[in-house]
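What follows is a set of notes on a single structure, which appears directly below.
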Amino acid sequence: MKSISSSIGTFFWNLFNRVQFKDVIDILIIAVLLYKVFQLTRQTRAGQVFKGFLLLIFISWFSNLLGFRALNWLVMNIVSNGAIVLLILFQPELRRTLEQFGRGARLGHLIENKDEASRIVFEITQSVLSLARRRVGALIVFEQKTGLKDFIDTGTVIDSMISGPLIANIFEPNTPLHDGAVIIRDDRIVAAGCVLSLSENSALGREMGTRHRAGLGVTEGTDAVVIIVSEETGIISLAQNGRLTRHLDADGLSRILGGMYNREKMTLKMVTQSILAKLKRKEADKVE
């Protein structure tokens, strides 16, 4: 018992008396990195594994502190061999982090001509609202800084100016391209009928069909922005950064598209956060 008390006392003495400024910086950097990893893996299966890995590290440290050699040996072997498994498991999250570093801070593709930007926003908004009213399913992907060539190659190349009637016609039921996704790059409709990878997020409800899972899946590995129209309910949703925002109205849709195409002070992230807060307030009012 005395040896345990002595070990704990030595640990805290070293912690508070031998810490230098560079040690504080080192700890802060590690804390920020761990926080970023936790953000990227939150609400995913990898997030649960990450929490378990942190618990193993804590057990390893605590067993070493108390002198439990057998337990420490076992946990250390699991941690050292588990690092490779974690690298494989977190491959999508690590790739997304590196892409974010490479992309920089700017979001979206901005159109210099204000009239053209306004036309694009109007055309897409009206076509999406029309599809929602008629309960015609739609999946529109807006390419950002991460290239989507892999997904474009799975569809039919169109390379056309953005047009509301064209978008509506593509998603018209019983037409050749209505089941896939439309991919838009800047002011051009690049391809239609594209096949997207499905999200494996276990937190998604059963009411989310293939269209929503595909739209969410492409945003988990890229910085794409996706507009989804539900075929069953006509609800308009936004998928971005692996998150889904539902029940968009005409105003919210126009603001999101404006954040991508207009040179305004508000970034797309700020616009999305504002709309999400508005939707939460509406839901709170309904509960009251």
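Numbers at a glance
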{"item": "Residue exposure sequence - Val79, Val24, Val141 - by fewest surrounding Cβ within 10 Å", "result": "Val24, Val79, Val141"}
{"item": "Fewest-first ranking of His178, His247, His212, using other Cβ atoms within 10 Å as the exposure measure", "result": "His247, His178, His212"}
{"item": "Fraction of the pair-distance distribution of the range 114-287 above 29 Å, Cα-Cα pairs, percent", "result": "12"}
{"item": "Simple spin-label estimate for Leu34 and Thr154 in nanometres, 7 Å along Cα-Cβ", "result": "3.7"}
{"item": "Net lengthening on full extension, Phe21/Ser197 (0.36 nm per residue, minus Cα-Cα)", "result": "58.7 nm"}
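Every number in this text was worked out from the coordinates using simple rules, so none of it is lab data. All figures in this text were calculated on a predicted structure; none of them were measured in a lab. With ideal geometry, Cβ positions are generated from the backbone for all residues, glycine too; neighbour counts draw on all protein chains shown.
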